[in-house]
Amino acid sequence: QVQLVESGGGLVQPGGSLRLSCAASTSLFSILQMGWYRRAPGKQRELVASIGSAMKSDYADFVKGRFTISRDNAERMVFLQLNNLKPEDSAVYYCNAVLGTTPYWGQGTQVTVSS
C-alpha cells in the first residue's frame with residue numbers, strides 16, 4: 001500500500017508558477033516509476049510527466065520546457081515545478097506511483113490559471 005498526498009495547488013495568473021508536492025507513505029527506493037497526471041473538466045486524465053528510479057524524466061509535449069518533475073527518494077517526495085502557466089493548464093493534478101504492477105493515486109490538487 002502506498003498513500004500519496006498532494007499539495008501546492010492554487011490560483012495563479014497566466015505566466016505564473018506553482019510547485020506541486022507529493023508526499024508518499026513509503027520509501028520511494030522501491031517505486032520505479034512516479035508521475036503527475038491531470039484532469040481538466042470534461043476531459044480525460046492525461047499524463048503530464050513521469051520520472052523513473054534512475055531519475056530519467058519524460059514529459060508530455062504540451063508541458064515540455066515549462067514543467068519540471070523531480071523526486072527525493074530519501075524524503076519520500078515527488079515534485080512538479082510548473083512555470084509559465086497557461087489557462088489550459090487548469091486541472092486537478094494527481095500524483096501517481098506504480099509499485100510492482102499496482103498503481104496508486106493521491107486525492108489531487110487543483111490548479112487554476114486565470115487572470
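Any read-out appearing in this document is the output of simple, stated calculations on the displayed coordinates, not a laboratory observation. No experiment lies behind these values; they were computed from the predicted model shown. For neighbour counting, all protein chains shown are included, and Cβ atoms are generated from backbone atoms with ideal geometry for every residue, glycine included.
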Under-5 Å amide H pairs with Gln3, H placed in peptide plane, nonlocal only: Ser25, Thr26
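Given the chain, what percent of its DSSP beta bridges are antiparallel, to the nearest 5? If you can, show how the numbers build up before the last one.
Numbers: 39 of 42 bridges.
Of the beta bridges lying entirely in the chain, close to 95 percent run antiparallel.
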In sequence order, calculated HN-Hα J values of the range 98-115 (Karplus, 6.51, -1.76, 1.60; Hz; x Gly/Pro): 10, 10, x, 10, 9, x, 10, 10, x, 7, x, 9, 7, 10, 10, 10, 7, 9
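Which whole-number percent of Cα pairs in the chain have a distance greater than 17 Å? All intermediate terms of the calculation are to be shown ahead of the outcome.
Working: 3235 of 6555 pairs.
Tail of P(r) above 17 Å: 49 percent of Cα pairs.
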Report ³J(HN,Hα) in whole Hz for each residue of the range 64-76, in order, from the Karplus equation J = 6.51 cos²θ - 1.76 cosθ + 1.60 where θ = phi - 60°; Gly and Pro get x. 4, x, 10, 10, 9, 9, 8, 9, 10, 4, 5, 8, 6
Sorted by chain and then number, the residues having a modelled amide H within less than 5 Å of the amide H of Phe67, at least 5 places away or on another chain, are Asn83
In nm, what is the difference between 0.36 nm times the number of residues separating Thr68 and Lys86 and their Cα-Cα distance? 5.0 nm
Mind checking the dipole of the chain: about its Cα centre, +1 per Lys or Arg Cβ, -1 per Asp or Glu Cβ, Debye to the nearest 20? 100 debye
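About its Cα centre, how strong a charge dipole does the range 27-71 have in debye, to the nearest 20, once Lys and Arg get +1 and Asp and Glu get -1 at the Cβ? Intermediate values should be presented prior to the final figure.
Values: 8 positive and 3 negative charges, 30 e Å.
My answer is approximately 140 debye.
Would you mind getting the Kirkwood hydrodynamic radius of the range 25-77 from its Cα pairs, rounded to one decimal in Å? Don't jump to the answer; show the numbers that get you there.
Details: mean 1/r = 0.0829 Å⁻¹.
Kirkwood radius, the range 25-77: 12.1 Å.
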Compare the peptides 50-57, 81-88 by average per-residue count of other Cβ atoms within 10 angstrom and give them in order, highest first. 81-88, 50-57
